[in-house]
Amino acid sequence: MMGFMTGEETRTTVSPSIPTQTPIRSSAQDVDLDTPPTRAWMTRLVIAGIVLTALNLRPAITSLGALLEEVRDGLGMSGSVAGLLTSVPPLCFAVFGVMAPRLARRFGPAAVVCAGMLAIGTGLVLRPFVGGTAGFLVASALALMGIAVSNVLMPVIVKRWFPDRVGTMTGLYSMALALGTAVAAAVTVPMTRALGGNWQSGLAVWALLAAVAVLPWIPLVRAKGTPLSAEASSAQAPVAAPAATTASGGRQEAAPLRITRSRTAWALAVFFGLQATAAYITMGWMAQIFRDAGVPAGTAGLLLAVTMVMGVPLAFVIPRLATRLPHQGPIVVALGLCGFAGYAGLYLAPAAGAWAWALLLGIANCAFPLALTMVGMRARTGAGVVQLSAFAQSTGYLISIPGPLLVGVLYQHSGGWGLPIALMAGLMVPQIVVGVLAGRDRTVEDEAAR
């Protein structure tokens, strides 16, 4: 773990006011009210909190994907309703993600993430046992609300606490997220069997991981004057630029950053939405695609896990590579081509080449850590990252809502996976286009000012 605490990462910026190859700094570094030993101790807590939080951001979804057939049978769901169920995550992320910046300014990012972990644990405990599809959806929404606010605030926490190591810490966070996703996909089915074959127990057990993730945030919530406290967060409320000085020597408040004026912000939001569409279709339906092709349920869960575990090494490599490139377009294109190849394989020979298609789609799904990294790179200030993260993720998740639902409808009415897979492959084209646009070397502050 100490390897993540050494060295500095730099990137080239487009602003004439910031020298080329200068480490990004934020006002978080000016808040140094602690003694050095206390600061080091709190830094370790922040790293532990980031890792444990990331581990909890996908098991609620991939554990359900691994047991989707059992849940459908147990609750009497149709294919269309199951498609609606797989669309609930992006819907909740879009709706609740918008609230994250305001909550963080009022209570502090640490308190909001801590509450988010509590919401995840509570929702995962309740949803298998409340009875009926409606209760299952409501409890799932509670867990997903906790995931949504944490999704938005993780890039903010990385930018504020590690402003000169954005790529490294984003990679660590993304790697832990991919690990949690893969482990949930791989072990949910065998763990359910070990617990007596009851799908309710197989889903509820993941609440224990969320309970552990609460622990490192508690002392950070109680610590005042840090970049993650309410006091420090309100002092860093989102603004477009430092306040201007008037002719009389007084200070004039800067106008808020108009994020919707930035073409890069829109490109990044659409890119985020399309990669999220692919990710949630994969997490919700890929195991079922393999099962319908004759692959045993346990093997189908392992294939889904392989897809997710590809993000463990690549989620650390890709952000570090991205921060060293002036344009991230080549990475976007490479990931998109892997997606095309994986979907072509699923269409032509889903069972025969299952492991190869799982690997290719796992590489394609690493567009997520790339999108998170670009959020940190496309804004020059910590305040800009807050707004860009909330805008790109909330807008992106809104865009991704119809995808999993449409896949369920097409599957039910066509009686096969040909049309859904064609849809998935077709969405790769606009994803590549907007990803290339979002990868250009510019900042949203400069575009909004123009």
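The values are calculated or read from the model by the stated rules, or taken from the named source; none is laboratory data. Just so it is clear, the model here is predicted, and its values are computed rather than measured. Every residue, glycine as well, gets a Cβ built from its backbone with ideal geometry; the counts of neighbours run over all protein chains shown. Each accessible area value is taken on the protein alone, full model and side chains, heavy atoms only, with ligands, DNA and RNA left out. Shrake-Rupley method; radii C 1.70, N 1.55, O 1.52, S 1.80 Å.
Can you find a residue that is in contact with a helix residue (DSSP H, G or I) (Cβ under 6 Å, 6 or more places away or on another chain), surrounded by 18 or more Cβ atoms within 10 Å (Cβ to Cβ) and small (Gly, Ala, Ser) anywhere in the range 323-332? Taking every residue of the range 323-332 in turn, none turns out to be in contact with a helix residue (DSSP H, G or I) (Cβ under 6 Å, 6 or more places away or on another chain), surrounded by 18 or more Cβ atoms within 10 Å (Cβ to Cβ) and small (Gly, Ala, Ser). When the range 124-147 is limited to residues that are touching a Leu at 6+ places or on another chain (Cβ under 6 Å) and free of Cβ contacts under 8 Å to residues at least 60 places away in the same chain, the one that is most open to solvent (accessible area, probe 1.4 Å) turns out to be Thr133. Check whether at least one residue in the range 338-346 is in contact with a helix residue (DSSP H, G or I) (Cβ under 7 Å, 6 or more places away or on another chain), among the aromatic types (Phe, Trp, Tyr) and farther than 29 Å from Glu447 by Cα, and report yes or no. Yes, the range 338-346 contains at least one residue that is in contact with a helix residue (DSSP H, G or I) (Cβ under 7 Å, 6 or more places away or on another chain), among the aromatic types (Phe, Trp, Tyr) and farther than 29 Å from Glu447 by Cα.
Residue count for the range 397-415 under the criterion of being farther than 22 Å from Gly97 by Cβ and either among the hydroxyl-bearing types (Ser, Thr, Tyr) or touching a residue at least 24 places away in the same chain (Cβ under 8 Å) (or both): the result is 6.
Scanning the range 268-277 for residues that are aliphatic (A, V, I, L, M) and open to solvent by less than 10 Å² (accessible area, probe 1.4 Å) turns up Leu268, Ala269, Ala276.
All told, Pro420 meets the bar of being at pLDDT 90 or above, part of a helix (DSSP H, G or I) and farther than 14 Å from Gly435 by Cβ. When Arg102, Arg106, Arg11, Arg58 are checked against the criterion of being among the basic types (Lys, Arg) and at pLDDT below 80, Arg11 stands alone in meeting it.
With respect to the stated conditions, Thr264 is modelled with pLDDT of 90 or more, farther than 30 Å from Gly83 by Cβ and hydroxyl-bearing (Ser, Thr, Tyr).
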